[in-house]
1. Using a cut-off of 28 Å between alpha-carbon atoms, which lysines can reach B:LYS40, once sequence neighbours fewer than 8 places away in the same chain are excluded?
2. Which whole number of Å³ per residue matches the convex hull of the alpha-carbon atoms in the stretch B:285-337?
3. Dividing the convex hull volume of the alpha carbon atoms of chain B by its residue count, what do you get in Å³ per residue?
4. Residue farthest toward the positive end of the dipole of the protein assembly as shown, with Cβ of Lys/Arg at +1 and Asp/Glu at -1: which of A:MET1, B:GLY242, B:LEU290?
5. Can you work out the FRET efficiency for the pair A:ILE540 and A:LEU631, with r the C-beta to C-beta distance and R0 = 51 Å, to the nearest 0.05?
6. Label-point separation (nm) for A:PHE12 and B:LYS262, each offset 7 Å from Cα along Cα-to-Cβ?
7. Where in the stretch B:253-313 are there trypsin sites (Lys or Arg not before Pro) that are in a DSSP coil and have at most 13 other Cβ atoms within 10 angstrom of their Cβ?
8. Projected onto the charge dipole of the stretch A:130-263 (+1 at Lys/Arg Cβ, -1 at Asp/Glu Cβ, origin at the Cα centre), which of A:ILE217, A:ALA228, A:GLY201 gives the Cα projection farthest towards the positive end?
Amino acid sequence: MWDAALIAFDRFADPLHLAMLLAGVLAGTVIGILPGLGGIACVAILLPFIYTLDVHTAMILLVGSLAVVHTSDTITSVLIGAPGSAAAAATVLDGHPLAKQGQAARALSAAFLSSMIGGLIGTVFLTLSLPIARPLVLFFGSPELLMLCVLGLSFAGFLTGGAPLKGGLAACLGLLLGSVGSAPADAVNRYTFDQLYLLDGIPLVGVALGIFGIAEIIDLLAKGGRIAERISLGHGWLMGIKDVVQHWGIVVRGSLIGVWAGILPGIGATAGSWMSYGHVVAMARDREKFGKGDIRGVIGPESANNSVEAGDFIPTLLFGVPGGAPAAILLGALFFYGIQPGPRMVQENLDLIFTIIWSFAIANTIGAGLCFFLSPALARLTWIPFARLAPAIVVTIFFGAFQSTQSFGDIYAMLALGLLGWLMKQLGWPRAPFLVGFVLTKPTEQYLWLSISRYDFEWLLRPGVIVLGLLLLVSIVWIVRGRLANKSIPAEESSEGAVLLGKTPSVLFTFAVLVVVAAALYEAQSFPHLGAIFPMAATIPAVFMAAAQLIFELRADMPAPPPETRKKTKLALGYFISLAFYLVMILLFGFGIATAVFTFAFLYGLVGIRWTHASVYTAAMVSVALLMSWLLNLYWPEGMLLG
Amino acid sequence: MKRIQFKAGRAISRGLVVLGLSVALAGPALGAAAPYYEGKSIEVIIPFPVAGGSDIWIRTIAPYLEKNIPGNPKFSFRNIAGGRGIPGMMEFALKAKPDGLMLLVSSATNYFPVLLGDKAAKYDLRQWKPLLVNPVGGVMYVSPASGVKRVEDLAKAKDLIYGGISAIGLDLIPLISFELLEMDAKGVLGFKGRGEARIAFERGETNIDYQTTPAYNATVVPLIKEGKAIPLMSFGQLDDDGNIIRDPAVPDLPTVPEVYEKLKGKKPSGKFWETYKIFMPSAFAVQKILWVKGDAPTEVARSFYTAADRLDKDKEFQTKTDKILGGYPLLRGDRLEKTIRQAFQIDAETQRFVREWVGKKYRVKLD
């Protein structure tokens, strides 16, 4: 085995291979930074080049880019609060508040360092487990995987902040949104309203970008000013290093959780980083700072999201079963070279496996190093008045949401969820449980379905299930005890635990939630058999919780919001309408013209910068967008009026 | 409108220039027109995501087509994923002009909604012309723990469990085979892919499985060598007259109808056999098809057939694409046109029968 490792390592002495690796790292870094663009966009850009290369060179290029996407996507998550990719949403929770406190450099350097170490630990673990990986994966049957998913869901309980009832409801809403589309066994289409778009469910990118990205952008715009006040950068990046050294235990545990989430098929990078975040909060003695800018909340998910990718290679290469979208693409590229990953891979293509592992490790290190040295400069972005950054970010987010499936449905969904996310934020509803619920719905339901239809209820007696069940019990007891002891509880920073909009909107929102879950419950009764279990499990408790919440709110004494809140709300709605306007413009005039008009009108009309500057900005924006469209071979439909 | 006219005008003038040049250069071969595809580019709609089976298939053969189609057109691709492939199919149905510059790749996923009468699938495959066809095969195998050692044991085998994705996808073929052969087998559906179903097989959660021939060769043959799997039968391929014959990729294995004869001592017949005959070809024998609109000029089809004939003799193409094509030849569309037309025709009675059967047995609600 070690000979193969050395032969593979030798490849990197070839300047061509090294250059390819660097090219991949650069492409991955840039694409990772852009919100909404992730591994898939990376490969779509690199794919045309790959067809001309030999298999090793192609793998170096591909893996090089995929290895750094989850490192650089942290940048937008931390600085703007818009997740660079779906997997980076967990980093937003604590990373973005840190940036607002002027500690962006600290958060970034801690993130990159833990990302790098996580990736390396993941690689080492991957290498060591090559000989035993197959039996390891085969040990986990559907029931055990189901229990792992449920355990992950229970972590949502730690993320509910100061509002357990609202948190529980948010998680249920996430589960409900996750069950939109055809049920796992295709028996029935749920909540699709005869819309073709909803058949496959709403893509994760759209949900993460909406609930965190759009909501955050609107909020920042309404607040006005910059993300952080200009203060001395100090030794922020040094502090980040110290943080990682101090919390080395979190790094190790986080990356091991990540590797596991990657190795087990069907869990995925996003679930992995949320599980890691959940475990950090669960294990912490003092939880009051989580969600308000606790550096541990950055280190946890960041050390997991790179090691997930490393772990992902096991099912991809040894079983031919990709764990996530990037791995699926890697698999596709291997097919292209006539290599069918599978049990034979270790015997026949061991050196190729090591080429992949080495590329991952080296690219991971270079990429993190690159981002690390960029972080002081990048942190300065938070000093720019946010309204000037906004058009560029909005255009990129729209672009990102559209490119994943090339369907306008994704943009509608993102805007609608953006409004929901903004309302949740203003009304003190935690958003993390919502996303956790959404992410874990599909695998949980799939494995529940498989467990029941394969084993009836005997699966409950399997030893693995019992062990994991006990772990789940401990986790639940832990949550309840924490609540009873009234331990200081984490709350999402932006909500400050309180309702910002006053009583009437709050009551109205809760009432709307009650109506939605009740309607969903009613509809669920028409679903046959197992297809109904999941929507029922989400909506029945939700109806009770929503009713209770409504009663609390009606009886509670809430102070009227100060007058500036009214102004802020109006402003926020105005900005939201401008985004909707942008969408309408795209529909009418096509993407190019709409982008130009939106960017210019926003900068000149709303922000009030000089028309010369606005023109230059607009021209740059449009040319970059068109260049990216061309690179991605993206097809924007012509506007209705210009067709 | 203006732009289109402008484009057309440019294309015509460019065409004239090219024509003039080639006439001037051709000299002795005076009168031979420039190839139809000279200086043109072809956009292929792929109703699946990047790096899916059909995506890899067309992207792999495209460079060879560029080289071998007279006039050397450039290929570009557009993936319209999601919605069970229906949005991508509709895009082609509505937007493609019959000029051979927009083509479509399709796979079994696109045929089953039509055969099952799904109302959302408003496209009519019979109005299009197949340019290239690539078959794929499927092999069923069992685990030794199931008690089945040979196909003869299937009659008395108990509690066979099969892992599948969806009763109205490719899994329909093995599920129909179970009914046809009257096996005591139960389908557990809801796996995310055939790969995950195979992991469940290796884990012992299921004990009967099938894989397409390329995946079978890469992932199941090693299991067979280790004694962890026993191959049973293939779903078969079609000959030129549309009869089911042994799969050339696994010639030692009997086909499903052969197994029926062995078990029952007579030729297969009945409703399940009718269903098998209708669904098997579109699932396997004519699985991947490159289409053009039916009323496209004859030069379009002729160009692709020329390329297919050239590739048939191209050693480099064959060794390089062997694994992607699954060991099957890249066939000219006209050779299989009759078979393809038949494959997408279903009588109302069989359709009703299948819908009722998947509804009752696998609780699939089709609207």
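The values are calculated or read from the model by the stated rules, or taken from the named source; none is laboratory data. Predicted, not measured: the structure shown is a model, and the values here were computed from it. Neighbour counts are summed over all protein chains in view; Cβ atoms, including those assigned to glycine, are modelled from backbone coordinates with ideal geometry. Only protein heavy atoms, including side chains, enter the accessible area calculation; ligands, DNA and RNA are left aside. Shrake-Rupley method; radii C 1.70, N 1.55, O 1.52, S 1.80 Å.
1. B:LYS2, B:LYS7, B:LYS67, B:LYS74, B:LYS95, B:LYS97, B:LYS129, B:LYS288, B:LYS293, B:LYS313, B:LYS315, B:LYS320
2. 82 Å³
3. Once divided by residue count, the hull of chain B is 144 Å³.
4. Value: B:LEU290.
5. E between A:ILE540 and A:LEU631, to the nearest 0.05, is 0.60.
6. 5.3 nm
7. Sites meeting the loop and neighbour criteria: B:LYS266, B:LYS313.
8. Farthest along the dipole direction, towards plus: A:ALA228.
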